[in-house]
Ligand SMILES: Nc1ncnc2c1ncn2[C@@H]1O[C@H](COP(=O)(O)OP(=O)(O)O)[C@@H](O)[C@H]1O
Ligand SMILES: [Mg+2]
């Protein structure tokens, strides 16, 4: 077997055709890898068949020359083997040292003159040493690595392309992502703006409807109050003098009857003609009946006048329009009573009113407005009655602070009727302004919305419980005190 470290020892370069030299040439010729050998003088000693085939330079032409550089590069040029032989470490440093063979180097190069379109060659050059280890020549082999290089290049190109593509795509994605994020941000901003606007609008709307409610309420209250106050004032005077005149009339009548009595007694002493006239007159007038009936008429009239005075008083009570709307401490029962009197005309043909008053304390309120609420509820209850006469029950009571001895914190008022009830689908709308199920002219749809507004103002609540065919109950709960400061007063 050819041994790298020994061949030149046995066959000095270009010297002889000794047995081992021939053997080496044959060995190299039979070797499929292109190989040449140079000696210490850089003269080619071996140029194998594969070399001939690869480069197109014949063995005969090459042996004994120093044209190996020319064969490869078409001009004189140092090759790896030359550098090894001349110990050109600087030149060698540019190449890769073999990991397997000490002192050997590898390199690769492209040779455009080789074959069609050139070839890539991989060179390996190793030193040849004599017995003392001195470099006496070098052997260099070339492998055609064109296919690998081409594949490698293609791979690198593909890889580069891919990387480029990925970079491009990544950039595009990043851009798209940025756009999306931008979009999202803008959308969020728009969303937030929209929400804020919506909120503002809702608030505005709420304020508006509250303002409207209050306006309607105060306007209505004011006009009813004015009307009531005007009527009360107009009637108050005539009723006043009728009442006082009535007292005088009563005493005059008594005196007249006394006088009549005396006349009647004197009748016996009169002449027969006079006595007959008087008797006839007494008969015509039915004096005995008059004497009986006049006092009855008088007392009935007096009762009527007292009632009218009462109504006027109620009107005045109700219309205490409290122009300044001062919060006062008032007992609700008085207000409820006068309100019931005022609406009695509207109610009395349709229902009996039953009062079930509990013991309630005075509460801090706007009395005329609470009266207005009661009136609206009672009138509604009366309207809810059909032909059949019904019952309206007004009850009151206290709640809260129920521990023994504690003061009540709230009072409640219930107005219950056994009328037609409220259809389920209308229940949520009855407090809406202008919601009415009554014919035009009969209902304005403002009664309950006013009531609601007033109760709100009192920081109370109004609830409804209704069943079609069985009746309706409105329950109002009002705090006894309005100011938290007042309620936090330390108890003695
Ligand atoms: N006690 C009740 N029984 C049955 N329906 C009622 C009662 N109270 C209120 N309602 C219903 O609520 C609606 C609104 O009442 P309200 O605001 O007082 O307006 P209006 O009485 O002018 O219709 C009424 O039209 C009626 O349908
Ligand atoms: Mg009403």
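Quick note: the coordinates plus some simple rules give every number you see, no bench work behind them. Because the structure is predicted, anything quoted here is derived from the model rather than measured. Note that we place each Cβ from the backbone using ideal geometry, even for glycine, and neighbour counts take in every protein chain shown.
How many nm separate the modelled label positions at residue 275 and residue 198, each set 7 Å beyond the Cα in the direction of the Cβ?
Roughly 10.8 nm, to one decimal.
What nm distance separates the two modelled labels at residue 310 and residue 329, each placed 7 Å from Cα along Cα→Cβ?
3.0 nm
Can you compute log10 of I(q)/I(0) for region 324-492 with the Debye formula, treating each Cα as one identical point scatterer, at q = 0.12, 0.13, 0.19 Å⁻¹?
Once normalised to I(0) and log-transformed, intensities are -0.55, -0.64, -1.27.
With a Förster radius of 45 Å, plug the Cβ-Cβ distance of residue 362 and residue 250 into 1/(1 + (r/R0)^6) and report the FRET value to the nearest 0.05.
On the way: r = 39 Å, r/R0 = 0.87.
Result of the calculation: an efficiency of 0.70.
With just the Cα atoms of the chain, tell me how far they stretch along each of the three principal axes, in Å, largest first.
212, 56, 37
To test your reading of the geometry: what angle, between 0 and 90 degrees and rounded to tens, separates the Cα axis of helix 19-30 from the longest principal axis of the chain?
Value to nearest ten degrees: 40.
Once the convex hull of the alpha carbons of region 7-144 is built, what does its volume come to per residue, in cubic angstrom? Before the final figure, lay out the partial values.
Values: hull volume 14.4 nm³, N = 138.
For region 7-144, the hull spanned by Cα atoms encloses 105 Å³ per residue.
Just grab the label-to-label distance for residue 166 and residue 235, each label 7 Å out from Cα along the Cβ direction, in nm (one decimal).
Each label point is offset 7 Å from its Cα along the Cβ direction, giving 10.0 nm.
Could you tell me the center-to-center distance, by alpha carbons, between region 230-299 and region 111-153 in angstrom?
Taking the Cα centre of region 111-153 as reference, the centre of region 230-299 is 162 Å away.
Once fully extended, how much extra length lies between residue 261 and residue 407, figured as 0.36 nm per residue of separation less the alpha-carbon to alpha-carbon distance?
Taking residue 261 through residue 407 to full extension adds about 46.1 nm, to one decimal.
Round to the nearest 0.05 the FRET efficiency obtained for residue 345 and residue 268 when R0 = 56 Å and r is the Cβ-Cβ distance. Before the final figure, lay out the partial values.
On the way: r = 54 Å, r/R0 = 0.97.
Working from the Cβ atoms, E equals 0.55.
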